[in-house]
Amino acid sequence: MSAGKPIATLREATGIPTGKLAVWWLLASEIVIFGGVLASYLMFRVRHPEFGEFAAHTDPRIGALNTWVLLTSSLCAVLAHNAAEMGDGKKAAKLLWMTVGLGGCFLMIKSYEWSVEIGHGYTITANAFWSFYYTAAGIHASHVIAGMCVMAWVATYAARNAELQRVELVGIYWHFVDLVWIFLFPLLYIAK
């Protein structure tokens, strides 16, 4: 055992490093949250054909742009992990900061989109579709913010070539957030 490292980062009782196991447990709980929201949305969508009329007021071009932004951010996270694997913490940190920046870009686009929709009277209280829309997208946006905060924290360590294993862990979380968006985009923007 190396000095200065907590035992929890070294113990592998399951054959999986403790940090990675913790991230996967976190994601399992997140699947329950997003799965519940998406399953509820789908049940309502099947029973209420008017959802298609309301969904027609979302802008698929903005949704597609945000999809591109998040997929690009995932690429940066993958490249950061690769740099960390090579022991290049400075490069990993730069790529993590790019991921954070793209997350911020996603949120700015989402804020613009919401301001336009709310300006047209499509608020969370307008009807069930808009309630699901803002709830699902809002929960997702809160996860983007959380991911950005953790990624910034990991980037500060990576820049010093410290705790580089965390780059992979935050990347796993970020990919999950992107994957959730891949489900939300067609359900909220395309399926009319």
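Within the option set 155, 191, 159, 146, being in contact (Cβ under 8 Å) with a residue 12 or more places away in the chain and exposed (fewer than 15 other Cβ atoms within 10 Å of the Cβ) holds for one residue only, 191. Across the range 123-137, the qualifying residues are those that are surrounded by fewer than 19 Cβ atoms within 10 Å (Cβ to Cβ), touching a helix residue (DSSP H, G or I) at 6+ places or on another chain (Cβ under 8 Å) and of a type in the set (Ser, Thr, Tyr), and the one among them that is farthest from residue 68 (Cα to Cα) is 125.
Taking the criterion of being farther than 21 Å from residue 108 by Cα and of a type outside the set (Gly, Ala, Ser), the residues of the range 49-88 that qualify are 49, 50, 51, 53, 54, 78, 79, 81, 82, 85, 86, 88. When residues in the range 56-66 are screened for being closer than 30 Å to residue 167 by Cβ and either surrounded by fewer than 16 Cβ atoms within 10 Å (Cβ to Cβ) or free of Cβ contacts under 8 Å to residues at least 24 places away in the same chain (or both), 2 of them pass. Within the range 20-55, the set of residues being assigned to a loop (DSSP other than H, G, I, E, B) and loosely packed, with under 12 Cβ neighbours inside 10 Å comprises 49, 50. Considering every residue within the range 94-116, establish whether at least one is of a type in the set (A, V, I, L, M, F, W, C), touching a Ser or Thr at 6+ places or on another chain (Cβ under 7 Å) and in contact (Cβ under 8 Å) with a residue 60 or more places away in the chain. Checked against the condition, which is being of a type in the set (A, V, I, L, M, F, W, C), touching a Ser or Thr at 6+ places or on another chain (Cβ under 7 Å) and in contact (Cβ under 8 Å) with a residue 60 or more places away in the chain, the range 94-116 yields no hits at all.
I'd like the residue in the range 177-187 that is touching a Phe, Trp or Tyr at 6+ places or on another chain (Cβ under 9 Å) and surrounded by 19 or more Cβ atoms within 10 Å (Cβ to Cβ) and, out of all such residues, is farthest from residue 144 (Cα to Cα). Looking at residues that are touching a Phe, Trp or Tyr at 6+ places or on another chain (Cβ under 9 Å) and surrounded by 19 or more Cβ atoms within 10 Å (Cβ to Cβ), I get 184.
Any read-out appearing in this document is the output of simple, stated calculations on the displayed coordinates, not a laboratory observation. As the structure is a computational prediction, the values presented were derived from the model and not from experiment. Cβ: placed from backbone, ideal geometry, glycine included. Neighbour counts: every protein chain shown.
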